[in-house]
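Read the structure below first, then the notes.
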Amino acid sequence: MVDKALGGAGLRGQVAGQTALCTVGQSGSGLTYYGYDISELAAVAEFEEVAYLLAHGELPNAGQLAEYKARLKQLRKLPQALKDVLERIPASAHPMDVMRTGCSMLGNLETEADFSEADQHIERMLALFPAIVVYWYRFSHDGVRVETDTDDDSIGAHFLHMLHDKKPSPLHEKVMHASLILYAEHEFNASTFTARVCASTLSDIHSCVTGAIGSLRGPLHGGANEAAMELIETMQNPDEAEQTLLGMLERKEKIMGFGHAVYREKDPRNAIIKEWSEKLAAEFGDSRLYDVSVRCEEVMWREKKLFCNADFFHASAYHFMGIPTKLFTPIFVMSRVTGWTAHVKEQRANNRIIRPSADYTGPAPRPVPPIAER
Ligand SMILES: CC(=O)SCCNC(=O)CCNC(=O)[C@H](O)C(C)(C)COP(=O)(O)OP(=O)(O)OC[C@H]1O[C@@H](n2cnc3c(N)ncnc32)[C@H](O)[C@@H]1OP(=O)(O)O
Ligand SMILES: O=C([O-])CC(=O)C(=O)O
């Protein structure tokens, strides 16, 4: 059924399948993973607990979590052939393209020969994605072949450690847990739907994830966190932010990090990452980016009833942790790979090839004219 208020374009409001993984905006604003509220998960859980939940349908107990984390730690070493490929990608490349190539190359080296192997490939991607992007980044930007085999307890700490050559503070590790939890899963968003369409052809897991990375890259989806950063860093103070936004709205420009295809009043992830951004701003000694971001939020709501989505305050939060802007969306990949792959398994378990129809708008049937008469 097409939701008339939302309109049919972009399949908006149309049910395109079933999922047990996640609800988005069912009570107008909420988000749950396997029935657990995102706010509760982000407050009390580690990202690895959520990754396990999405992979197995239940939260791990202490023993299961310890085993899972130990397994992931052992999978952090990059194969030499993948390092060789990463070293050939220029510094000017976009890190999302590096992720896409890295995932695809991994699929050549460690191909999923049978769907029964899915879990082992999923764990490998989860363990290896931080290494893929940071190895390339440090090699192409700093000339350093970074050691990816760290003993960090979590994926977030592992990423920051490789990036900064030192273990992160407990605050930064905690923020990474929260951020990765918030980004992990979101029902039939564009990148997940890409993965499911690919899975529905009975393709391999690396193809599904490679395609999903390409969909996430765009500024209307995951790329919005980078675009938001590029916007707020031009603003010197809240008043300037207000003037800039009013001008953009007047010119009918899109403001990245605002609005959502499903939520109507708020994105429940925003309040959580906003709070962490405020804490990080205090630690960083920032008196500009956080205040500018808050003013943007006020102006957009006042003028257009548009609210910050998950991406907007992620921009300042990541910036305060010393993460280069172009690595923002790859962090989304490191997290969302859990949701994508859970959907791939769900699709495979009850599959029919996804093949919708189109309303034809082209010319009426006509004969092919001889080439000399065209
Ligand atoms: C983690 C994520 O992927 S969250 C999404 C990240 N993406 C962004 O932040 C990009 C900016 N936002 C957008 O482009 C959109 O809000 C989307 C892509 C997220 C959702 O798109 P839609 O479902 O088509 O939006 P929706 O139907 O609510 O749009 C309603 C109106 O608000 C406008 N609008 C929506 N978002 C914005 C925005 N960020 N800035 C300015 N205007 C906007 C639309 O242009 C539309 O106007 P119109 O009716 O005159 O054409
Ligand atoms: O659901 C969507 O359309 C986009 C989104 O917020 C996400 O993928 O996290």
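The values are calculated or read from the model by the stated rules, or taken from the named source; none is laboratory data. All values reported here derive from a predicted model rather than from experimental measurement. Using ideal geometry, Cβ is built from the backbone for each residue, glycine included, and neighbour counts are taken over all protein chains shown. Heads up: the accessible areas ignore ligands, DNA and RNA and are worked out on the full protein's heavy atoms, side chains in. Shrake-Rupley method; radii C 1.70, N 1.55, O 1.52, S 1.80 Å.
Assorted remarks:
- Applying the criterion of being assigned to a loop (DSSP other than H, G, I, E, B) and in contact (Cβ under 8 Å) with a residue 60 or more places away in the chain to the residues of the range 190-217, the residue that is farthest from ligand 1 (Cβ to nearest atom) is Leu202.
- Hits in the range 157-170 (condition: part of a helix (DSSP H, G or I) and surrounded by 16 or more Cβ atoms within 10 Å (Cβ to Cβ)): Ala157, His158, Phe159, Leu160, His161, Met162, Leu163
- Conditions (1) within 12 Å of ligand 2 (Cβ to nearest atom); (2) buried (at least 22 other Cβ atoms within 10 Å of the Cβ): number failed by Val209: (1)
- Check on Ser154, without any contact (Cβ under 8 Å) to a residue 24 or more places away in the chain, surrounded by fewer than 24 Cβ atoms within 10 Å (Cβ to Cβ) and of a type in the set (Gly, Ala, Ser): no
- Only one of Leu220, Leu246 that is open to solvent by 30 Å² or more (accessible area, probe 1.4 Å) and part of a helix (DSSP H, G or I): Leu246
- Residue selected from the range 263-288 under the condition over 22 Å from the mean Cα position of the chain (by Cα) and aliphatic (A, V, I, L, M), by the criterion nearest to ligand 2 (Cβ to nearest atom): Ala281
- Flag for Glu173 being closer than 30 Å to Tyr36 by Cβ, in contact (Cβ under 8 Å) with a residue 60 or more places away in the chain and open to solvent by 10 Å² or more (accessible area, probe 1.4 Å): no
- The listed residue being touching a Ser or Thr at 6+ places or on another chain (Cβ under 8 Å) and either within 16 Å of ligand 1 (Cβ to nearest atom) or free of Cβ contacts under 8 Å to residues at least 60 places away in the same chain (or both), out of His141, His161: His161
- Hits in the range 249-262 - residues which are outside any loop (DSSP other than H, G, I, E, B) and within 16 Å of ligand 2 (Cβ to nearest atom): Phe258
- Filter pass, Glu173 being at pLDDT 95 or above, in contact with a Cys (Cβ under 6 Å, 6 or more places away or on another chain) and over 25 Å from Leu86 (Cα atoms): no
- Ala228 at negative phi, at pLDDT 95 or above, within 16 Å of ligand 2 (Cβ to nearest atom) and surrounded by fewer than 17 Cβ atoms within 10 Å (Cβ to Cβ): no
- Among (1) more than 16 Å from Leu180 (Cβ to Cβ); (2) outside any helix (DSSP H, G or I); (3) in contact (Cβ under 8 Å) with a residue 12 or more places away in the chain; (4) not charged (D, E, K, R), the one test that Leu59 misses: (1)
- Qualifying residue in the range 110-126 (condition: in a helix (DSSP H, G or I) and farther than 23 Å from Gln347 by Cβ): no
- Being open to solvent by less than 20 Å² (accessible area, probe 1.4 Å) and modelled with pLDDT of 95 or more holds for only one residue in Leu59, Leu65, Leu53, and it is Leu53.
- Evaluated against (1) more than 15 Å from ligand 1 (Cβ to nearest atom); (2) in a helix (DSSP H, G or I); (3) surrounded by fewer than 20 Cβ atoms within 10 Å (Cβ to Cβ), Thr234 falls short on exactly one condition, (2).
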